[in-house]
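The structure under discussion appears below in the form of structure tokens.
Values quoted throughout were computed directly from the atomic coordinates according to the rules given, and no laboratory measurement underlies them. Nothing here was measured: the structure is a model prediction, and the numbers come from that model. Glycine gets a Cβ as well: all are built from the backbone with ideal geometry, and neighbour counts include every protein chain shown.
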Amino acid sequence: MSCAELIQRVEAVRAPFGQERSIKFESGRLLDERILLSLHRSAFGPEPLAGVIALACDLGAPAAVVGAVASALPGADIVHFGYEGGQDVDVCKVYFEYAKTADAALRARQADRVLVHRAFKWDRRDPQRVAVTDYFCRPAATRSDVVGMVDAVAEAPVLHRLLSQTMARATSRLPSFAPMVLEVEEPGNPRKSLDINIYPAELRLADIADLIADVVSGLSVPPDRWAATLADHAGKTLGHVSAGRGRGGEAFATVYFGIEAKGEVANGR
């Protein structure tokens, strides 16, 4: 499997979609064969369940994921398909985004946490290895609350600086900036991280290159790999910054960037 193959499969739906790349940093390695493709549920027609299941099965989704799609799709406005590969990694993903529900809760400043995404991720080499990842927002969260969230998940100083300083630079660029902050958890394992959406600030990947360089050093990632990746993507719009603890309790960070409109409408066909 590859990012290019996932793109081909999503293009076969013959509908517009969004495309976003990302880079993950973890102990001793950098993973940049990562992509997320986003379709509105209407792309699959008036009865989208069959189409979503068909695409998930085409990506090798195990029975547990196929069965879960039927319960996860109702209420979802957007379906994301993802791939992560390289260095003994071959993982496919399907996310369900409950955008309207989350937007309504944000406008109402609801006190309780709201589920924004539910994702299912499976190892194509061992399809029985399935992770369920939930992404929650706190609609009434204050800046002080966000600081507390960063303190709770970013135990490594380099990760704390990455999250806090990225938000500070976004606020400097856009003083009214109020980031969408998602708390990320996986039942049954230590996974706990934050995902901060800073697209509105229009920063570039190069604008936080120094913070990422600290992460590279702190996690013993080969610096030449990061230098080559930065050279390719320095000018891309920075989208999300994520950091915290992975499934085994290990420190990690991920940066998402360069979202683009793709598909038939985007291409004028």
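Things to note:
- Per-residue 3J(HN,Hα) values for the stretch 49-54, derived from phi via the Karplus relation 6.51 cos²θ - 1.76 cosθ + 1.60 with θ = phi - 60°, read 4, 4, x, 5, 5, 4 Hz in sequence order (x marks Gly and Pro).
- Computed on the chain, the Cα convex hull volume stands at 133 Å³ per residue.
- In angstrom, the C-alpha Rg and Dmax of the stretch 8-126 are 15.3, 46.
- Derived scalar couplings between HN and Hα for the stretch 233-249 equal 10, 3, x, 6, 5, 6, x, 10, 10, 10, 7, x, 10, x, 4, x, x Hz in order, rounded to whole Hz, by the Karplus curve 6.51 cos²θ - 1.76 cosθ + 1.60 (θ = phi - 60°), x for Gly and Pro.
- Less than 5 angstrom separates the built amide H of A15 from those of E264, all sequence-distant by 5 or more or on a different chain.
- 21 Å Cα-Cα reach of K93 towards lysines, excluding residues that sit fewer than 8 places from it in its own chain: K24, K121, K192, K262
- Candidates Q110, Q19, Q87, ranked by Gaussian network fluctuation over the chain, Cα under 10 Å, top entry: Q87
- Positive-end residue of P179, S242, A12, charge dipole of the chain with Cβ unit charges: P179
- The relative contact order of the chain, computed from alpha carbon pairs under 8 Å that lie at least 6 residues apart in sequence, is 22 percent.
- Using equal-weight Cα scatterers in the Debye expression, the normalised intensity of the stretch 31-97 in log10 at q = 0.26 Å⁻¹ is -1.18.
- Computed over the stretch 127-269, Kirkwood Rh from alpha-carbon pairs, angstrom: 16.2 Å
- Residue (of I78, H40, A104) at the positive-pole extreme of the stretch 27-110, dipole from beta-carbon charges: A104
- Distance between the modelled labels on D210 and A108, one decimal in nanometres: 4.4 nm (7 Å Cα→Cβ projection).
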